[in-house]
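Written out below as structure tokens is the structure these notes cover.
The values are calculated or read from the model by the stated rules, or taken from the named source; none is laboratory data. Because the structure is a prediction, the values reported are computed rather than measured. Glycine gets a Cβ as well: all are built from the backbone with ideal geometry, and neighbour counts include every protein chain shown. To get the accessible areas, we keep the full protein, side chains included, count just its heavy atoms, and leave off ligands, DNA and RNA. Shrake-Rupley method; radii C 1.70, N 1.55, O 1.52, S 1.80 Å.
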Amino acid sequence: MDSQALILKAEQTHCLTEDELLHLLQDDSADEAIFQAADRVRQKYVGNEVHLRALIEFTNICKNNCLYCGLRAQNPCVHRYRMSEDDIVALAQKAVQYGYKTVVLQGGEDPAFTTEKMVSVLQKIKPLGLAITLSLGERLYEDYQAFKAAGADRYLLRIETTDKALYEKYNPAMSFENRLRCLRDLKSLGYEVGTGILVGLPEQSLRSIAKDILFFKDLGADMIGLGPFIPNPQTPLKDAPQPVLEPALKVMALTRLLLPDVNIPATTAMETLAPNGRIKALQSGANVVMPNITEGEERQNYALYPGKAGALDTPLAFRDKLTAKLTEIGRPVSTGYGWHKIKH
Ligand code: SAM
Ligand code: SF4
């Protein structure tokens, strides 16, 4: 197979087979051409604007034990916190003052955030005029339905990997089928659904990554968040090889080629691996950034992996720095909600 011909095919038709994707994933010499093609497709389909989503990490308590994650229940080294309803709403109010149009409420699977409690939080935030994204893991259909009715618009739930055996190895006591069920429930309820994977998990094959990208298309995902896996010394995967940025960037760029109009964040994990990782991502297919507006100790204690970029910034300092960098590369900050498909 000829990589240049495949890149052209992807750019023009947005379709590649699993074998074609695998070929491109295996060919390191094609990386730059893939990044450039993804940048053109991004510009053509979603324009130059960058959508900012204010991230509130409202609890680092989690009942699960994902082998890769610093927040796993069995990690005794984490200083655990759970924000009060008032604290969450106060941060959402600050998001409005900072000029954001979307808040993302993200947390571990914390049993204290019952359906009733989440509904109450959502009902207090909705009148602020923000789009609301939730990312709090696996819940029942009825929970997702109640959250939607209370004002949630979008939901982020990464599939992490579509290799079922690997998924269940790294997510003990969780089932791949339930993860899929959640994603389908969210779609059927009318959420804008975000999914994605960790790139660089031990034993993850390039073929499985090719399948992951086709899965995003099959699901009809509205957003795709791709994180390089960064080993955390407080987890069972602590001895995994140190990651580099390029493989995750490449998966992101291929995702843009195949799903030309979806929202794709330049993730914090990408910035953590390389000083300008976020900007490089925005020039290789990404069109979203999720600035963290969590403050103080909580900001540092939401430690999925070591060295998380921006953990020591204040929310305003971060926004100023980001806006300056975006201006330098000719990418304006969007003043809209940044829906996947325009709402009428
Ligand atoms: N608990 C929810 C869930 O798992 O969907 C949301 C919060 S969870 C911390 C958000 C994402 O963090 C996960 O989907 C996972 O991909 C990512 N993550 C966890 N550990 C990581 C690590 N060591 N390196 C990079 N990303 C990681
Ligand atoms: Fe919990 Fe999410 Fe971390 Fe898994 S990835 S341990 S569900 S916070």
If you go through Pro231, Pro247, Pro243, the only one that is within 12 Å of ligand 1 (Cβ to nearest atom), of a type outside the set (D, E, K, R) and open to solvent by 20 Å² or more (accessible area, probe 1.4 Å) is Pro243
I'd like to know if region 118-134 contains one or more residues that are of a type in the set (Val, Ile, Thr), at pLDDT 95 or above, more than 30 Å from Leu316 (Cβ to Cβ) and out of contact with any helix residue (DSSP H, G or I) (no Cβ under 6 Å at 6 or more places or on another chain). no
Of (1) open to solvent by 10 Å² or more (accessible area, probe 1.4 Å); (2) touching a strand residue (DSSP E or B) at 6+ places or on another chain (Cβ under 8 Å); (3) small (Gly, Ala, Ser), Ser120 fails just (2)
Note on Ala95: of the conditions (1) within 14 Å of ligand 1 (Cβ to nearest atom); (2) assigned to a helix (DSSP H, G or I), unmet is (1)
Over region 15-46, the set of residues open to solvent by 20 Å² or more (accessible area, probe 1.4 Å) and under 20 Å from Asp222 (Cβ atoms) is Cys15, Gln43, Lys44, Tyr45, Val46
Residues of region 258-280 being in contact with a Gly (Cβ under 8 Å, 6 or more places away or on another chain), under 17 Å from Ile224 (Cβ atoms) and of a type outside the set (Gly, Ala, Ser), in sequence order, are Asn263, Ile264, Pro265, Thr267, Thr268, Met270
Filtering region 149-165 down to residues that are more than 10 Å from ligand 1 (Cβ to nearest atom) and of a type in the set (Val, Ile, Thr) yields Thr162
The residue from Arg184, Arg179 that alone is within 16 Å of ligand 1 (Cβ to nearest atom), surrounded by fewer than 21 Cβ atoms within 10 Å (Cβ to Cβ) and either charged (D, E, K, R) or touching a residue at least 40 places away in the same chain (Cβ under 8 Å) (or both) is Arg184
message = Asp110 - would you say it is charged (D, E, K, R), touching a residue at least 24 places away in the same chain (Cβ under 8 Å), within 16 Å of ligand 2 (Cβ to nearest atom) and out of contact with any Cys (no Cβ under 8 Å at 6 or more places or on another chain)?
response = no
Discussion item. Going by what's in this entry, would Thr102 be described as away from ligand 2 (no atom under 14 Å from the Cβ) and surrounded by fewer than 18 Cβ atoms within 10 Å (Cβ to Cβ)?
Written reply: no
Does Glu57 satisfy the condition of being in contact (Cβ under 8 Å) with a residue 40 or more places away in the chain and over 26 Å from Leu201 (Cα atoms)?
-> no
Ser84: passes all of (1) hydroxyl-bearing (Ser, Thr, Tyr); (2) surrounded by 14 or more Cβ atoms within 10 Å (Cβ to Cβ); (3) closer than 24 Å to Gly296 by Cα but (2)
- Message: Just checking, does region 78-89 include any residue being within 13 Å of Leu130 (Cα to Cα) and either assigned to a loop (DSSP other than H, G, I, E, B) or away from ligand 2 (no atom under 13 Å from the Cβ) (or both)?
- Response: yes
Ala210 meets each of (1) over 28 Å from Pro260 (Cα atoms); (2) crowded, with 22+ Cβ neighbours inside 10 Å; (3) more than 16 Å from ligand 1 (Cβ to nearest atom) with one exception, condition (1)
Note on region 216-262: residues under 19 Å from Asp27 (Cα atoms) and among the β-branched types (Val, Ile, Thr) are Val244, Val251, Thr255
Query raised in the report: In this structure, does Ala131 turn out to be more than 20 Å from the chain's Cα centre (by Cα) and of a type in the set (A, V, I, L, M, F, W, C)?
Result: no
